[in-house]
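The values are calculated or read from the model by the stated rules, or taken from the named source; none is laboratory data. Since the model is a prediction, treat every value here as computed from it, not as a measurement. Keep in mind that these areas ignore ligands, DNA and RNA; they rest on the heavy atoms of the full protein, side chains included. Shrake-Rupley method; radii C 1.70, N 1.55, O 1.52, S 1.80 Å.
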Amino acid sequence: MTPTLASAPGSCCFSGVKHIGTPVGRVEDLDGIPTYIPDPTAATQKVILFLADCMGSAFRYIVLGADYFFGDSVPNHLPDCDRQAWIDNSRKPAIDAFPAWLDAVKGKYGYCFGASFVVDFCSDGAVVAEEEHTFPLASRRRAEDIMVARKSTYYFQVFSGVQHGFVVRGDPAIDTQRWAKEESARGIVSWFDRFTV
């Protein structure tokens, strides 16, 4: 089964700000996909998969950033990117390569039975922007109603003044965007600290 897009990517999915800094890890090939692997300051057995958006690829965890665009992310095609052509050319190689990469991650770092459930749950959007076309307000409220009815443990973060993609494409020079990005990161780390043992 080939995954499909929930909705057509908006123009926000094809714009961003280049972040500057010094990487603290290395790139290693995991079953054919170049993967950025940071070296956390303390030893850990916990691994987080960072699945980048089209712009390309913390804290106390090993966060694996797979380059499933194989060096061909959208910034390489700007300013005149044919969005649909890029999607058409990029999706199939990424979809084909990802299962073997995930097996390589499991082989190197261990298997997490709950990971597939987390990915399924997160596909509905747990960290969202106020302007979020992929998880609009009505859907977000319905999701919360369902979780309340099921007596689920859940956690939402909603940030005003930012748009879809702010966590990876927000401009750190704009206070609201930087604050939302940093608070989102703290919230995600806090969630992993609380729910991964």
Cross-link reach list, lysines versus Lys18, counting only Cα pairs under 25 Å and skipping chain neighbours closer than eight places: Lys181
List the lysines whose Cα sits under 19 Å from the Cα of Lys108, skipping any in the same chain fewer than 8 residues away. Lys46
Heavy-atom accessible area ranking, 1.4 Å probe, most first, across Arg91, Arg150: Arg150, Arg91
If you average 1/r over all unlike Cα pairs in the range 135-178 and invert the result, what Kirkwood radius do you get in angstrom? 12.3
